[in-house]
Amino acid sequence: MESLREFAKETKESLVKIEKENLISLAPYIDEENDFNNPPDEWREKYNLSLDGFSGFPFPEPSEEEKTKIIEKFLNGIEKLLNPESNWTFLKPFSLSLKYCVKCNTCAEACHVYIGSGKKEIYRPNFRSEILRRIYKRYFTPSGKLLKSFVGADIEATYTAIRRLLELAYRCTLCRRCVLYCPVGIDNGLIARELRKLFSQELGMAPVEVYKKGTRLHLKTGSSTGMGPTAFRDIIKFIEEEIHEKIGKKITIPVDKKGADILLLHNGGEYLAWPDHIAAFSILFDLAGINYTLSSETLGYDGVNYGAWYDDVELARVGLRHLQIAYDLGVKKLVIGECGHSHKVYTIIFDRILPASSPLWNIQRESCLPLMWEIVKSGRIKFDPMRNNFPVTMHDSCNIVRLMGIMNPQRQIIKALTPGTFREMNPNCSYNYCCGGGSGFAIIRSLNFPVWKNKVSIRLKTKQILETFDDVLDKNIPKLVVATCSNCKGAIRDMIHTYRLFDRFKINYSGLAELIVNAIATIPPFLNLEELPE
Ligand code: SF4
Ligand code: SF4
């Protein structure tokens, strides 16, 4: 409660300090150094590190006049979040979550950030929600306006409180594990997301990687990677050549094929970071005879939609473009590749965004995973599970598994295509722990945010993976973590580098498509676990 009382006090001092001794231990697997280096003094002068000594927002401190405007806009933003005219997407679940929390704190033990940090109070799922609740009560309810702290309306909307709340909105991966544990179904992940929305839409504050280098770049160039249509076509040619070299077979990857059954929408980052993933999908769909296409239209080849993490307007702009491209191609279905937040946007959130009269409703929106299981079990392709004769585990994507409930197809596939070498993480399925890189954390690189992400947010998942492979950690035994989400793969890649999991234990990672193609008996093996993909 100390942190709650001190939250609004005007200061640049950090509210809490993160130290290695307090974090959950990675022993006996890893003996870590204390590498939480203090940020340089000039950072403390220039930026605001007043929450926990970390920040992902490299903007200079505002003047006093600007601070007053920020406070005004922030309070306006709260009003808008609770107004049906301005919050047409999430008003109901947001307002109910704000209203009905019984403050039992059962949710705390569910959160990988809170647990990983060694139970720092500021990272409790309900902590940030409670700050928002108390500010709301103080400024928007008659009892709060009149009686202030006597009725629990004790947090003033100071600049420091608002600035700390901005950081705090980015100390939650929106994984929604806490929702499963809450006796009344409060969605603290949604509250964090709506706070991000307030900051973005009302104050223009969002991490540069998700806004300027994210949705803005996506809308301008066609991809959040900056890849334009010409570069996309060049990469497709390159991947076709790679496939030929790798499997000795020429495959033409269909692009802009009108009237195909399916428009396949990959996460655009895959083309540059993991082209083997695109190659694996192309081989699988080609051998299975799937009538699909990719699109080379601007945006049509990058299925990410970062707006899901922070801004409804950006979310709608990108999403409508994707659906329009599918509509213009005349496909029956939009099939989402291995990207968790893209699954969330197109199969869940877009139902809230499309007007009932829109012809875009005619396009089915589906996950790739059931289709991949259909292919594997159809008998159209001959598989040899012995090709995957190494310990394999799977990280469940929060968006695909917990949010959407798709948990069996990927398990059936791995069980069918490994000779009994699959092992579950514990906990798994809906109760999985987030990879720690969700909601944009895997791509936010500003200031010292990546240190916080690597040391705190991905910590519990690191421990869980090591425990899963506890009996086969010998570095002569190659091991694979499969993740069906590009963002999770990015977090696992960072984990492997941060904690040297490949050098120490030969732990490697890949998407699901790569594991499937590795088991195809009629072509050479696809995976090389002796080398990290990047
Ligand atoms: S478990 Fe639910 S009701 Fe209890 S503190 Fe957390 S959000 Fe509130
Ligand atoms: S959504 Fe996930 S990260 Fe956020 S508070 Fe809940 S459990 Fe923690």
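The values are calculated or read from the model by the stated rules, or taken from the named source; none is laboratory data. Please read these numbers as outputs of a predicted model, since none were measured by experiment. As a convention, Cβ positions derive from the backbone with ideal geometry for all residues, glycine included, and neighbour counts pool all protein chains shown.
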| Near pairs, Cβ below 7 angstrom, 6+ apart or cross-chain, from region 484-499 (farther than 17 Å from R402 by Cα and outside the structural domain of D302 (by TED's automatic domain parsing)) to any residue that is of a type in the set (K, R) and surrounded by 24 or more Cβ atoms within 10 Å (Cβ to Cβ) | M495/K461
| message | If I filter region 189-197 for residues that are more than 16 Å from ligand 1 (Cβ to nearest atom) and assigned by TED's automatic domain parsing to the domain that holds F59, do I get at least one hit? | response | yes
| request: Consider L174 carefully, then state whether it is in contact with a Lys or Arg (Cβ under 9 Å, 6 or more places away or on another chain) and surrounded by fewer than 17 Cβ atoms within 10 Å (Cβ to Cβ). | output: no
| task | State all residues of region 120-133 that are more than 22 Å from the chain's Cα centre (by Cα) and free of Cβ contacts under 8 Å to residues at least 40 places away in the same chain; if no residue qualifies, say none. | result | R133
| remark: Picked from region 149-188 (must be among the aromatic types (F, W, Y) and under 24 Å from L460 (Cα atoms)), the residue farthest from ligand 1 (Cβ to nearest atom) is Y170
| field | Entirely in region 182-299, the helices (runs of 4 or more DSSP H) that have 2 or more residues that are within 16 Å of ligand 2 (Cβ to nearest atom) and crowded, with 17+ Cβ neighbours inside 10 Å | value | 188-197
| said: Could you check region 88-115 and list, in sequence order, the residues that are aliphatic (A, V, I, L, M) and either touching an Asp or Glu at 6+ places or on another chain (Cβ under 6 Å) or surrounded by fewer than 16 Cβ atoms within 10 Å (Cβ to Cβ) (or both)? | reply: L96, V102
| request: Kindly check whether there is at least one residue in region 310-325 that is at pLDDT 95 or above, outside any helix (DSSP H, G or I) and of a type outside the set (A, V, I, L, M). | output: yes
| said: I'd like to check something: does region 436-448 contain any residue that is hydroxyl-bearing (S, T, Y) and either within 16 Å of ligand 1 (Cβ to nearest atom) or crowded, with 19+ Cβ neighbours inside 10 Å (or both)? | reply: yes
| Residue tally, condition of a type in the set (V, I, T) and more than 19 Å from Q410 (Cβ to Cβ), over region 481-506 | 2
| task | Check region 408-418 and report whether any residue there is within 24 Å of L460 (Cα to Cα), at pLDDT 95 or above, basic (K, R) and not in a helix (DSSP H, G or I). | result | no
| remark: Counting only helices (runs of 4 or more DSSP H) wholly inside region 464-534, the ones holding at least 3 residues that are within 25 Å of the chain's Cα centre (by Cα) are 486-498, 512-518
| request: Taking the options G118, G144, G77, name whichever one is within 15 Å of ligand 2 (Cβ to nearest atom) and surrounded by fewer than 22 Cβ atoms within 10 Å (Cβ to Cβ). | output: G118
| said: For the structure I just gave you, tell me whether M394 is under 19 Å from the mean Cα position of the chain (by Cα) and not assigned by TED's automatic domain parsing to the domain that holds R176. | reply: yes
